[in-house]
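Notes to accompany the following structure.
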Amino acid sequence: MSQRLQATRLQRSLGNGWERLNRWSTNPWRKASLLLIVMLSSFVVGSSVGAIAGVSGLMDPVAALITVAAWETMVRLRRPWPKRADTLLGLQMLDMTRIGLIYGLLLEGFKLL
């Protein structure tokens, strides 16, 4: 017979972190800053993937496979996402991640030309 684990303060705090983030981002400036931080951090990841793949010539097909798989995963996660008001922040964060990754990789591609 399995017993239910004790609900610790850390577990309660992390368990409702998404709701707290939604509540925090009701202010339009906070929401815009959060989405900008997500987009810029994914831009950094996208440009570093492009730079690393450009430096090591052997990793180009592997890096392309990883990025295409990541994009396809994000697209497939976005489609069945419910369009309710409480899940709209997650959807917007996912879109900003996709935009940042694409922009970072395209900019690195133009630099390597």
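For Leu10, the criteria (1) part of a loop (DSSP other than H, G, I, E, B); (2) surrounded by fewer than 10 Cβ atoms within 10 Å (Cβ to Cβ) hold in every case but one, which is (1). Look at Ser33 and say whether it is among the polar types (S, T, N, Q), at negative phi and at pLDDT 90 or above. Judged against the criteria, Ser33 is a match.
Based on what the data block shows, is Met39 within 23 Å of Ile99 (Cβ to Cβ), aliphatic (A, V, I, L, M) and in contact (Cβ under 8 Å) with a residue 60 or more places away in the chain? Yes: the conditions hold for Met39. Close contacts from region 78-89, counting a first residue that is among the aromatic types (Phe, Trp, Tyr) and a second that is at pLDDT 75 or above, with Cβ to Cβ under 7 Å and a gap of 6+ residues or different chains, come to Trp81/Leu91. The condition of being among the acidic types (Asp, Glu), assigned to a helix (DSSP H, G or I) and either within 15 Å of the chain's Cα centre (by Cα) or at positive phi (or both) holds for only one of Asp95, Asp60, that being Asp95. Residue-level check: of (1) within 24 Å of Ser48 (Cα to Cα); (2) touching a residue at least 60 places away in the same chain (Cβ under 8 Å), Ile102 misses just (2). Inspection of region 68-82 finds no residue satisfying the criterion of being over 19 Å from the mean Cα position of the chain (by Cα) and open to solvent by 100 Å² or more (accessible area, probe 1.4 Å).
The values are calculated or read from the model by the stated rules, or taken from the named source; none is laboratory data. Please read all numbers here as calculations on a predicted model, not as lab measurements. Backbone-built Cβ (ideal geometry, glycine too); neighbour counts: all protein chains shown. Keep in mind that these areas ignore ligands, DNA and RNA; they rest on the heavy atoms of the full protein, side chains included. Shrake-Rupley method; radii C 1.70, N 1.55, O 1.52, S 1.80 Å.
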